[in-house]
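Worksheet for the structure shown next.
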């Protein structure tokens with residue numbers, strides 16, 4: 001049942017009629033207040049924001065003489081008010097100050113209404129003051145709490161960014177450290193190989209000078225050293241090109257069978273020359289793939305060359321197979337020296353190779369394979385047992401995106 005149309009409702013209606021005027025007077029007071037520096041930067045709409053809606057809820061509370069009914073609406077508008085003031089750069093004391101000015105404006109409205117309406121007794125005036133005071137206090141508390149929530153959220157966000165930035169910095173520092181160690185390893189390895197080359201080459205020249213009858217043997221020794229040094233330089237150049245390639249990845253559709261046949265033809269002579277058998281097979285279900293043909297060729301050649309290097313007897317296996325609907329795999333297996341369990345963690349590092357002095361090269365082949373697999377989104381797996389050979393299997397997407 002509706003309450004009688006009494007003095008409190010008369011005041012609520014009067015306040016509602018004066019709501020626009022009260023809002024404008026409040027905004028003028030805020031603009032004129034020297035303690036509210038941030039308000040000077042706001043437009044009319046930005047300053048008023050949710051105040052007219054809050055005034056309307058206060059009118060409803062006065063009308064019904066029940067703050068609980070309008071509390072959810074006041075809370076919602078107060079939260080928005082606090083959130084906006086936080087975004088607008090208000091300090092908490094400035095937020096409290098401007099809402100206190102609103103309180104003063106409403107208290108003045110109560111006095112003015114009481115003076116012109118004798119029916120609005122002191123008891124009604126005190127009751128109106130109570131509702132206004134409770135409502136503004138609730139708005140102030142809710143707005144401050146929202147400002148604190150927004151501030152905490154912002155602090156958490158900044159803290160998260162700092163933590164991520166710190167983590168990235170630590171990773172970069174670690175990468176720089178690893179890169180430095182890698183470059184030092186390159187320097188040490190190249191200097192070591194160059195020194196050996198120069199020593200042996202010098203011995204060959206001395207042999208020619210001191211024992212002309214051994215010239216042929218000396219020249220053969222010098223030629224072997226020159227060939228080994230060429231292999232080292234070629235691997236270093238290849239690795240530097242792979243690491244230094246910052247251009248966008250070029251992909252194209254091509255016939256995988258044609259690449260397979262080309263690789264078999266390229267590797268067959270070297271494998272035959274070592275007395276090994278090349279076992280190869282191509283899945284007829286594979287046709288066109290989209291990737292970088294040259295980089296795939298590099299990967300396969302490095303694996304096949306490595307397999308031939310470290311296999312003295314037996315066979316090298318080369319396969320290309322379909323793997324589900326969206327992938328295919330490249331497999332290279334050998335019956336060579338294999339890799340011991342203790343060495344399998346470091347097999348893809350620069351200058352790591354099987355402990356055989358008679359195998360030429362810098363030990364960069366698998367490091368190149370690892371980097372190219374990363375670029376082509378290849379998933380590389382290998383299994384090896386010392387003295388029983390090694391198998392490398394890489395799974396690639398059938399269609400590599402141009403933006404990868």
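The values are calculated or read from the model by the stated rules, or taken from the named source; none is laboratory data. No experiment lies behind these values; they were computed from the predicted model shown. Counting neighbours? That spans all protein chains shown, and the Cβs are built from the backbone with ideal geometry, glycine included.
Scanning the range 271-297 for residues that are modelled with pLDDT of 90 or more, surrounded by fewer than 18 Cβ atoms within 10 Å (Cβ to Cβ) and assigned to a helix (DSSP H, G or I) gives 272, 273, 297.
Of the set (1) over 17 Å from residue 84 (Cα atoms); (2) modelled with pLDDT of 90 or more, all apply to residue 145 but (1). Entry remark, the range 379-397: residues being at pLDDT 90 or above and not in a strand (DSSP E or B) number 0 in total.
Residues that are modelled with pLDDT of 85 or more number at least 3 in the following helices (runs of 4 or more DSSP H) confined to the range 27-113: 51-64, 67-87.
Does residue 250 satisfy the criteria of being in contact with a helix residue (DSSP H, G or I) (Cβ under 9 Å, 6 or more places away or on another chain), at pLDDT 80 or above and part of a helix (DSSP H, G or I)? When the stated conditions are applied, residue 250 does not pass them. Look at the range 105-123: where a residue is surrounded by fewer than 16 Cβ atoms within 10 Å (Cβ to Cβ) and a partner is part of a helix (DSSP H, G or I), sitting 6+ places away or on another chain with Cβ atoms under 6 Å, you get 119/7.
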